[in-house]
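K.L.:
Dropping a structure here in structure tokens format, bear with me for questions.
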Amino acid sequence: MTDEPLLRVSALSKFYGSRVGCENVTFDLWPGEVLAVVGESGSGKTTLLNCLSTRLLPSSGTASYRMRDGQFRELYRMSEAERRFLMRTDWGFVHQNPADGLRMTVSAGANVGERLMAVGDRHYGKIRATAVDWLSRVEIDEDRIDDEPRAFSGGMRQRLQIARNLVTGPRLVFMDEPTGGLDVSVQARLLDLLRGLVTDLGLAAIVVTHDLAVARLLSQRMMVMKDGRVVESGLTDRVLDDPRAPYTQLLVSSILQV
Amino acid sequence: MTAQPTDIATYNFAYLDEQTKRMIRRAILKGIAIPGYQVPFASREMPMPYGWGTGGVQVTASIIGPDDVLKVIDQGADDTTNAVSIRAFFKKVANVAVTTETAKATIIQTRHRIPEHPLAAGQVLVYQVPIPEPLRFLEPRETETRKMHALEEYGLMHVKLYEDIARHGRIATTYAYPVKVEGRYVMDPSPTPKFDNPKMHNSPALQLFGAGREKRIYALPPFTEVVSLDFEDHPFEVQTFDQPCALCAAENVYLDEVILDDHGGHMFVCSDTDHCEKRREEGHRGHLAPETRLAPEKMEPAQ
């Protein structure tokens with residue numbers, strides 16, 4: 001184990017004109033750790049995620065990432081080529097809507113294989129074998145490998161998107177509402193699968209969600225955001241069982257009890 | 001050739017005005033300097049519809065001189081409407097000599113074929129290109145494809161080949177087969193059959209590509225490395241034909257299927273008409289060649 005964090009974020013802010021996207025966010029993410037970012041819609045969760053994954057440039061603040069060689073690199077000073085390379089090798093991004101993260105008009109196998117081909121894999125048999133392996137890990141039947149994601153259900157598409165992201169063995173995965181829009185039984189299986197994969201692969205992940213149950217199941221640590229600011233952060237169980245900030249107390253007490 | 005400047009009528013030499021030709025030549029020079037890179041240029045309206053070779057015609061018009069000998073082929077044939085019209089066009093506006101013989105031409109404008117006769121140093125092959133962007137059908141955004149070229153992100157190109165193998169068991173792309181130029185840019189060789197891809201590699205001739213509607217010019221200088229993309233376990237292969245040309249018995253050439261009647265009769269003949277005629281003149285006979293030997297002048301309408 002290493003004694004250095006994977007990602008260091010310091011005083012990150014993003015303004016849209018005079019409007020606040022997120023303001024003064026500071027945290028460290030450690031290897032193998034799952035951090036949940038919760039809050040109501042409009043609280044800046046997705047802005048923060050997009051800044052961290054370099055899909056958006058922040059207005060101020062820094063984020064540095066420990067590369068595979070152990071060196072910290074400042075994310076917003078990297079060239080676009082380096083960032084895009086990082087994005088398709090060492091990182092993953094799971095979108096809420098699988099259509100945003102998948103190529104809907106190419107087969108499931110090619111969706112999984114695309115990252116392999118992008119990093120220079122040129123052996124069809126090996127690419128296909130890896131795709132088959134990953135489809136089985138996300139519980140998609142092997143005989144669906146040549147079907148287009150258009151023919152898949154919402155849950156299958158989301159699982160395919162996860163396989164596509166994990167195939168290059170990333171160390172950090174960003175997830176934006178990974179279970180949004182799925183019915184509860186499908187959600188439960190997806191969460192189960194994600195939890196297994198995260199543990200098996202030792203992934204670090206930043207999960208944005210408004211669903212506290214998802215945060216409870218997946219994450220070790222959580223940050224609660226409101227109006228672009230972090231109002232509370234700590235171990236997930238501590239925050240949910242003993243919320244301190246008034247807003248967190250409201251959030252926790254708003255969970256529907258069935 | 002008899003140069004008679006008065007025949008050029010009211011047009012500037014080779015139809016385009018001199019400023020336009022300079023602009024296109026600059027794009028061509030840039031294309032030659034960066035092999036395989038698509039150079040944007042201010043494509044002009046030409047007296048023909050898009051898709052009929054407006055890009056190729058503008059490139060030809062910009063490089064042609066009074067001493068050039070022009071050959072125009074359409075799918076390998078010298079005698080189809082498009083080829084005959086473009087040849088007549090340059091005869092009229094530039095008063096240049098025209099030919100159907102590959103070896104005699106200095107400029108060959110082509111739609112979808114590379115002649116069978118090997119090209120020589122000093123010759124220029126001008127391709128008419130409908131869609132210059134090899135990534136277009138995979139990534140519709142031009143901003144994104146330009147970024148992909150700039151950053152050399154070509155994984156997507158192999159996704160297409162992967163799909164081919166997954167669906168058909170082999171790489172089913174038979175034309176517009178993507179190539180990598182000098183280990184850098186991925187390029188669309190225009191819709192030539194992949195049979196012709198190996199001819200582009202290390203060709204002693206200069207190869208220029210013009211896309212009029214899409215406003216792009218790109219180039220392969222002589223002796224440029226052109227490699228067709230493939231997989232290690234599914235290497236690039238060209239089409240093979242199980243019978244020779246029915247008229248001239250040529251093998252290892254690209255053949256067209258010609259329907260003879262409405263009872264299923266057909267034959268395979270050379271797509272390159274000049275090559276086929278030359279071989280018949282030399283006495284090669286295919287199994288469907290007419291008994292009496294046709295004089296070559298009768299095959300080709302008098303110019």
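The values are calculated or read from the model by the stated rules, or taken from the named source; none is laboratory data. The model shown is predicted, which means the values in this text are computed figures rather than measured ones. FYI the Cβ positions are ideal-geometry reconstructions off the backbone, even for glycines, and counts take in every protein chain you see. Note: areas computed on protein heavy atoms with side chains; ligands, DNA, RNA excluded. Shrake-Rupley method; radii C 1.70, N 1.55, O 1.52, S 1.80 Å.
K.L.:
Starting from a Cα-only point model with no solvent, please compute log10 I(q)/I(0) by Debye for chain B at q = 0.06, 0.10 1/Å.
P.N.:
Reported log10 I(q)/I(0), two decimals: -0.21, -0.58.
K.L.:
So, one more: Can you list the trypsin sites (Lys or Arg not before Pro) in the range A:151-258 that are in a DSSP coil and have 14 or fewer other beta carbons within 10 angstrom?
P.N.:
A:244
K.L.:
Which translational diffusion coefficient, to the nearest whole µm²/s, is obtained for the range B:159-303 from the Stokes-Einstein equation, given a Kirkwood hydrodynamic radius over C-alpha pairs, 25 °C and 0.890 mPa s? Write down the numbers at each step before the final one.
P.N.:
Working: Rh = 17.9 Å.
Estimated diffusion coefficient is 137 µm²/s.
K.L.:
So which residue, out of B:200, B:187, B:267, gets the largest mean-square fluctuation from a GNM of chain B using Cα contacts under 10 Å as springs?
P.N.:
B:267
K.L.:
Now for a separate question. Counting only the heavy atoms of the protein chains, how much of residue B:52 is accessible to a 1.4 Å probe, in Å² to the nearest 10?
P.N.:
120
K.L.:
Measure off, as a whole percent, the carbon and sulfur share of the 1.4 Å-probe accessible area of chain B, all protein chains present.
P.N.:
Values: 7550 of 14020 Å².
Of all accessible area on chain B, carbon and sulfur atoms account for 54 percent.
K.L.:
Given a 1.4 Å probe, how much area per residue of the protein assembly as shown is accessible, in Å²?
P.N.:
Working: 25480 Å² over 561 residues.
Result: 45 Å² per residue.
K.L.:
What per residue convex hull volume, in Å³, do the alpha-carbon atoms of the range A:125-208 yield? Can you show the working numbers first?
P.N.:
On the way: hull volume 7.7 nm³, N = 84.
Spread over its residues, the Cα hull of the range A:125-208 gives 92 Å³ apiece.
K.L.:
In terms of the ratio Rg/(2.2 N^0.38 Å) built on C-alpha atoms, what value belongs to the range A:117-162? Intermediate results must be reported in sequence, preceding the final value.
P.N.:
Values: Rg = 11.2 Å, N = 46, 2.2 N^0.38 = 9.4 Å.
So the Cα radius of gyration is 1.19 times the expected 2.2 N^0.38 Å.
K.L.:
Looking at the range A:132-253 only, what percent of DSSP beta bridges run antiparallel? Nearest 5 please. Mind showing how you got there, number by number?
P.N.:
Numbers: 6 of 11 bridges.
Of the beta bridges lying entirely in the range A:132-253, close to 55 percent run antiparallel.
K.L.:
Against the empirical 2.2 N^0.38 Å scaling, what ratio does the C-alpha Rg of chain A come to?
P.N.:
Values: Rg = 18.3 Å, N = 258, 2.2 N^0.38 = 18.1 Å.
Ratio of Rg to 2.2 N^0.38 Å for chain A: 1.01.
K.L.:
I've got another one for you. Solvent-accessible area of residue B:23, probe 1.4 Å, all protein chains present, reported in Å² to the nearest ten, please.
P.N.:
The accessible area of residue B:23 comes to roughly 40 Å².
K.L.:
Can you tell me how much longer the chain between residue A:227 and residue A:132 gets when fully stretched, taken as 0.36 nm per residue apart minus their C-alpha distance, in nm with one decimal? The partial results should precede the final answer.
P.N.:
Details: separation 95, 0.36 × 95 = 34.20 nm, distance 4.37 nm.
Contour length minus the Cα-Cα distance gives 29.8 nm.
K.L.:
Per residue of B:226-235, how many C-beta atoms from partner chains lie within 10 Å of its own C-beta, taken as a mean? If you can, show how the numbers build up before the last one.
P.N.:
Details: counts 0, 0, 0, 1, 2, 8, 6, 7, 4, 0.
Partner Cβ neighbours, averaged per residue: 3.
K.L.:
Please list B:165, B:63 in order of solvent-accessible area, largest first, computed with a 1.4 Å probe with all protein chains present.
P.N.:
Values: B:165 10, B:63 50 Å².
Heavy-atom accessible area, descending, gives B:63, B:165.
K.L.:
Round to the nearest 10 and give me the degree value, 0 to 90, for the angle of helix A:124-137's Cα axis relative to the longest principal axis of chain A.
P.N.:
50
K.L.:
State, to one decimal in nm², a quarter of the convex hull surface area for the C-alpha atoms of the range A:2-114, i.e. the direction-averaged projected area.
P.N.:
Details: hull surface 34.6 nm².
For the Cα atoms of the range A:2-114, the hull's average projected area reads 8.7 nm².
K.L.:
Once you charge only the Cβ atoms, +1 for Lys and Arg and -1 for Asp and Glu, what is the size of the charge dipole of chain A about its Cα centre, to the nearest 20 debye?
P.N.:
Dipole magnitude for chain A comes out near 620 debye.
K.L.:
Here's another thing I want to ask about it. What per residue convex hull volume, in Å³, comes out for the range B:86-191 when only alpha-carbon positions are used? Don't skip to the end; give the middle numbers.
P.N.:
Details: hull volume 16.3 nm³, N = 106.
Output value, Cα hull per residue: 154 Å³.
K.L.:
Could you work out Rg/(2.2 N^0.38 Å) for the protein assembly as shown, with Rg from alpha carbons only? Present the calculation step by step, with values, prior to reporting the outcome.
P.N.:
On the way: Rg = 30.7 Å, N = 561, 2.2 N^0.38 = 24.4 Å.
The protein assembly as shown yields a ratio of 1.26.
K.L.:
Just the number, please: buried accessible area between A and B, total of both chains, 1.4 angstrom probe, nearest 100 square angstrom.
P.N.:
On the way: alone 12390 and 14980 Å², together 25480 Å².
Roughly 1900 Å².
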